[in-house]
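Heads up: the structure comes next, in structure tokens.
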Amino acid sequence: MLKRNIIVLFVWILLVSVIKASSPVPSLELIVNSNTNNAYTLQCGDSLGNSCNNIPDAINYYVDYISNQQYSNYTLVLKLVDGIYEGSLNNFEYSGNGIEISTFSNSSSNVTILGDDLDDDFIEGFFIEKCTLTVSNITFSNFNEKFFFLLFNDEKSSSSITFKYCEFKYCSNSFGFNANSPSPKGSNSITFYKTTFTNINIDLSLIDTSNFQVFINNSRISDSSMGLLSFESPSMDKCSISGVSFNTICFISFRGNTNKVVIENSVFDKINSPGTSNNFLCIYENEIPPIINKNIFTNFNAKFLYSLQGNASFSYNKITNFDPLISFIDIHFNSGIYFSSNEINPKINFDCFDSTVKFSNMTNFNKQQCIDCIVYNNNDKQTCSTTPSPTNSSDSLPEPTNSSDSLPEPTNSSDSLPTPTNSSTTTTNESTHPNGAIENNSISYPLIAIILIVIAILNS
């Protein structure tokens, strides 16, 4: 009997732990409607008839709500009804565990937030624990003051920021995304997915981060000017950047990479810079070489690449219509750059100083200045030197495979991309969203296995 009781107690403990582990993060879902002026003391958002008038009111109620709950890790879900929202009435500070902002109507594109009258940062986040911020299907326009759009500080823990299916347009001055953390870079990320930027005219970086991984996927930047795209190394896939000018030494900078960075399947067209020493790509002292594959670079009026103690691999890219008089590639001091099977027209000029460059399956290149360098043309090794030749550093270079079959082919984006998450469906004026914790204690396969084991023991 004692044995049976011990087994039952043990199983009960396991059941509780499994149920707790399988439970999703509880959430509080609130409706926000800028078209109304509802009267409420604090509680709002439980229905369209009692919707919150603005985002700060919803956050205030959320703070009060979780203060009365057993747990404080509730995610705040805000559903914005179609309409125009004033930035000065909807900018907010947030320090919760997670916040999701999307449209009330399913995948609507009719929610616009205007920043004309805003004299502060639109989103300020200060976090001491792990946090997620997700914004979906919102248009942001006319943010022109000398403040950031996003100012995000993570004190000690990993965080994830995501903008998906959003549009940013007609923004200037200090508009941009600023996110900082003392945590290791690999534990923090900011992602832009199927998001567009049009007519963005700023002097600084669009994405200014510290210890954050930057991901830009299936997104578009056009008809804009900026200091640079990102201070930290961005990974990009299936993007389009067209008609963009930059006014700093680098448009995209790879500095001290500690994570894998890949730019592939993207188009870069009409990239211009007024400075003769400015560069589209800069690579500095990176631990992990960026991989740049299967892109189109065309109509450039800027130097393509500058490297200082950097390593990188370029394969199967198409590079056309650039100024042949510009030194297209400038490589310095223990850099290792690998070019394989790139289609280039016209012939590129490169300068190389105390570094190693490899060209494979290519002929359209020409040395302009070459001092203390090793240059490979397929297997033909050449050394240009004014001092004793440097040692062969080819072993440290990032060599991609020579077969295009081994590289990942672009997939059909319409098939492989996730569709927008299903927001609440369009409802009548008195439709109600659940106001409170949403908990779903599902039974998992480990639980079933435990039950079977117990039955077997009891029957033995």
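The values are calculated or read from the model by the stated rules, or taken from the named source; none is laboratory data. These numbers come from a predicted model, not from an experiment. All Cβ positions, even for glycine, are placed from backbone atoms using ideal geometry, and neighbour counts span all protein chains on display. Side chains included, ligands, DNA and RNA excluded: accessible areas come from the protein's heavy atoms. Shrake-Rupley method; radii C 1.70, N 1.55, O 1.52, S 1.80 Å.
Structure values in brief
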quantity: N110 versus N68: modelled label distance in nm, points set 7 Å from Cα along the beta carbon direction; calculated: 3.4
quantity: Among the listed pairs K79/K238; K303/K347; K260/K367; K260/K347, those beyond 19 Å (Cα-Cα); calculated: K79/K238; K260/K367; K260/K347
quantity: Neighbourhood charge, 15 Å Cβ-Cβ cut-off, centred on L308 and excluding it, Lys, Arg +1 and Asp, Glu -1; calculated: -4
quantity: Cut-off 12 Å between beta-carbons: net charge of the residues surrounding T195, Lys and Arg +1, Asp and Glu -1; calculated: +3
quantity: Within-10-Å neighbourhood charge of N334 [Cβ basis; K, R +1; D, E -1]; calculated: -2
quantity: Separation of the V262 and Q309 label points, Cα + 7 Å toward Cβ, nm; calculated: 2.8
quantity: Global form of the range 283-355, assessed from the alpha-carbon gyration tensor, a/c cut-off 1.5; calculated: oblate
quantity: Anisotropy class of the range 230-335 from Cα gyration tensor, a/c 1.5 cut; calculated: oblate
quantity: Stretch gain in nm, segment S88-N345, where the contour uses 0.36 nm per residue and the Cα spacing is subtracted; calculated: 87.5 nm
quantity: Heavy-atom SASA rank of E86, E93, E264 (probe 1.4 Å, accessible area, largest first); calculated: E93, E86, E264
quantity: The range 204-260: trypsin sites (Lys or Arg not before Pro) in DSSP loop, at most 15 other beta carbons within 10 Å; calculated: K260
quantity: In nm, spacing of pseudo-spin labels at F333 and D203 (7 Å Cα→C-beta vector); calculated: 2.9
